[in-house]
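See below for the structure under consideration.
The values are calculated or read from the model by the stated rules, or taken from the named source; none is laboratory data. Owing to the predicted nature of the structure, the values given are computational and were not obtained by experimental measurement. Glycine also receives a Cβ, built like all others from the backbone with ideal geometry; neighbour counts cover every protein chain displayed. Surface areas here come from the heavy atoms of the whole protein model, side chains and all, with no ligands, DNA or RNA. Shrake-Rupley method; radii C 1.70, N 1.55, O 1.52, S 1.80 Å.
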Amino acid sequence: MANSLQDQLMKAGLADKKKARRAKQAKREDANRAKRGEIEFEDPAERARRQRAEQAERDRALEQERHERQREREIAAQIRQLIETHRLERGNGDHSYQFVQDKKIKKLNVTGKQQDQLARGLIAIVLLGEGYELVPAAIADKIRQRDPEVVLLLNEKGDGDDGDDPYADYPIPDDLMW
């Protein structure tokens, strides 16, 4: 008994009726188009080679995209680990420190010492999930190398000696709050 290859594949479970029907229909449509002269009859080996090349290109693109997503997840995990291991305790911050995030003014309660360190650029404010954390400036630089958007505030360290500062001779009151 000579069964067709299609019947043998269906019995082996490698194909189903739906795929067989689609294959027959596609073959019929190609033959009709070839008769009408709409398409040139393409060599099956050439078609298979072209399809393999297209599939290989799609696979490369999908692999590249998957690799990029994996890299982004690794960077996010590195940032989260840096923040969680080096964050500074804010305790019962009695001073509020305001900073800008996405054109909105946000407020963070910090201690007086931390407020001074923030102003001098010794510590930075970073974004962790939906909250904010304080980290040393060296760690903020490492985080900024991986993703600059996570570091919300890192003031530049200055030596404080501006030769052309007209108000250098006037002391700033300790109780001045912005």
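In this structure, Ile83 does not satisfy being loosely packed, with under 11 Cβ neighbours inside 10 Å and touching a strand residue (DSSP E or B) at 6+ places or on another chain (Cβ under 7 Å). Taking segment 127-144 as the range and being open to solvent by less than 30 Å² (accessible area, probe 1.4 Å) and more than 14 Å from Asn109 (Cα to Cα) as the test, the residues that pass are Val135, Ala137, Ile139, Ala140, Ile143.
Just one of the numbered conditions (1) modelled with pLDDT under 90; (2) open to solvent by 100 Å² or more (accessible area, probe 1.4 Å) is not true of Arg47: (2). Of all the numbered requirements in (1) touching a residue at least 24 places away in the same chain (Cβ under 8 Å); (2) within 28 Å of the chain's Cα centre (by Cα); (3) within 17 Å of Met177 (Cα to Cα), Val110 misses one, and that requirement is (2).
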